[in-house]
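Heads up, the thing below is written out as structure tokens.
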Ligand code: CA
């Protein structure tokens, strides 16, 4: 089954001609694209659209690109590809371990950028879907241990089915990232034809009954209306 390329990408670039051509190529490749021309716009677009991916030009008016990247990183671990005009700068970024997933030096071909985006997404998706050997995910008193496949809340073990565990682990691993039902079906159930989106709804409901203080007013497993679900730490 072909994975739907409906990821939302935020392109932060102050040069309109570059922003335009990059958007065009990404849209052609099946992505949904938002653009921002400066730091403030980038932050508001990020809050509004909760993108799955960011392409960030480091040379922006009125903001240090790396500080903007840290702002994103404080909120999310979604992939970021950095655009830079200077190779020396790229070396500096790499040395700083700034949190970028890849770097592209200007001038670049838009097609190459699209290929890089796809490569990063493949890598990230592969890491997400192989929980073996991962470290436990901890949010407050909630601990998800992929090694022993156990969930504990305040040291109390909560029994989960295989799919409930996988679903919670994926969502909790990427807090605040919104997954559509289709993405969850693909990632947790492998997109099997005989499973429908209602399966996700049922599993979310059961998980809420197990982990939420009040399952009818969840604090962690949140529905994003018209889109899907996310984990709120
Ligand atoms: Ca620029």
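When we screen 121, 167 for residues that are assigned to a helix (DSSP H, G or I), touching a residue at least 12 places away in the same chain (Cβ under 8 Å) and touching a helix residue (DSSP H, G or I) at 6+ places or on another chain (Cβ under 6 Å), the only hit is 167. Among the conditions (1) touching a helix residue (DSSP H, G or I) at 6+ places or on another chain (Cβ under 8 Å); (2) in a helix (DSSP H, G or I), residue 202 misses just one, which is (1).
Number of residues in the range 24-37 that are surrounded by 15 or more Cβ atoms within 10 Å (Cβ to Cβ) and either within 15 Å of the ligand (Cβ to nearest atom) or part of a loop (DSSP other than H, G, I, E, B) (or both) equals 5. Selection of the range 43-64 for residues being surrounded by fewer than 20 Cβ atoms within 10 Å (Cβ to Cβ) and either in a strand (DSSP E or B) or within 16 Å of the ligand (Cβ to nearest atom) (or both) yields 59, 61, 62, 63, 64.
Computed from the coordinates by the stated procedures, all read-outs in this text should not be read as laboratory data. Bear in mind the structure is a predicted one, so any value in this text is a computation, not a measurement. Neighbour counts are summed over all protein chains in view; Cβ atoms, including those assigned to glycine, are modelled from backbone coordinates with ideal geometry.
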